[in-house]
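Before anything else, here's the structure in question.
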Amino acid sequence: MAKEPSTVRRTLQFKFTLPTTDATHLLSLLKAARPFHEAFGAKRFRLLQNVDDPARFVHEIEYETHEAIEFNRQRFASDPRVQATLQSWRAMLGGSVEIDVYREIE
């Protein structure tokens, strides 16, 4: 019997500052990108606004992916679809996007 592929859970955070505190346009873009993220295993999405600095945001994506993809994250990050998404983020935000990947400690 073949072994089931293992999955890992991760939280991806995009941290950035917008030129305005109005996130209406951004929220529309994030909703439109939802199917793309779900195709890569995303399960939960949140857009957080800093209450002390309202132009500062965190877009958080929780996802599950095969362990092999996580192991080869650098190769995965070079995927043209991923690069196109990151380019659109950088263009929209002026290139100032901080990206962190976290794992939950159980």
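Of all residues in region 13-44, which are of a type outside the set (Asp, Glu), assigned to a loop (DSSP other than H, G, I, E, B) and farther than 18 Å from GLU62 by Cα?
Pass one, region 13-44, residues of a type outside the set (Asp, Glu): 13-21, 23-37, 39-44.
From what is left, the residues that are assigned to a loop (DSSP other than H, G, I, E, B) are 18-21, 23, 40-41.
Of everything in region 13-44, those that are of a type outside the set (Asp, Glu), assigned to a loop (DSSP other than H, G, I, E, B) and farther than 18 Å from GLU62 by Cα turn out to be LEU18, PRO19, THR20, THR21, ALA23.
Moving on to the next point. From THR21, THR11, THR7, which residue is over 22 Å from ARG103 (Cα atoms), surrounded by fewer than 16 Cβ atoms within 10 Å (Cβ to Cβ) and among the polar types (S, T, N, Q)? Before the answer, list the steps.
Numbers: THR11 fails: over 22 Å from ARG103 (Cα atoms); THR7 fails: over 22 Å from ARG103 (Cα atoms).
Within the list THR21, THR11, THR7, the selection yields THR21.
How many residues are within 24 Å of LEU27 (Cα to Cα), out of contact with any Gly (no Cβ under 9 Å at 6 or more places or on another chain) and either at pLDDT 75 or above or assigned to a loop (DSSP other than H, G, I, E, B) (or both) if we restrict to region 51-80? Step through it out loud before you land on a result.
Within region 51-80, the first condition is being within 24 Å of LEU27 (Cα to Cα), and the residues that meet it are 51-64, 77, 80.
Then keep just the ones that are out of contact with any Gly (no Cβ under 9 Å at 6 or more places or on another chain); that gives 51-62, 77, 80.
Then drop every residue that is not either at pLDDT 75 or above or assigned to a loop (DSSP other than H, G, I, E, B) (or both), which leaves 51-62, 80.
Qualifying residue count, region 51-80: 13.
Return the residues of region 1-12 that are polar (S, T, N, Q) and in a loop (DSSP other than H, G, I, E, B); say none if nothing qualifies.
First, the residues of region 1-12 that are polar (S, T, N, Q): 6-7, 11.
SER6 - this is the single residue of region 1-12 that is polar (S, T, N, Q) and in a loop (DSSP other than H, G, I, E, B).
The values are calculated or read from the model by the stated rules, or taken from the named source; none is laboratory data. Keep in mind the model is a prediction, meaning the values are calculated, not measured. Note that we place each Cβ from the backbone using ideal geometry, even for glycine, and neighbour counts take in every protein chain shown.
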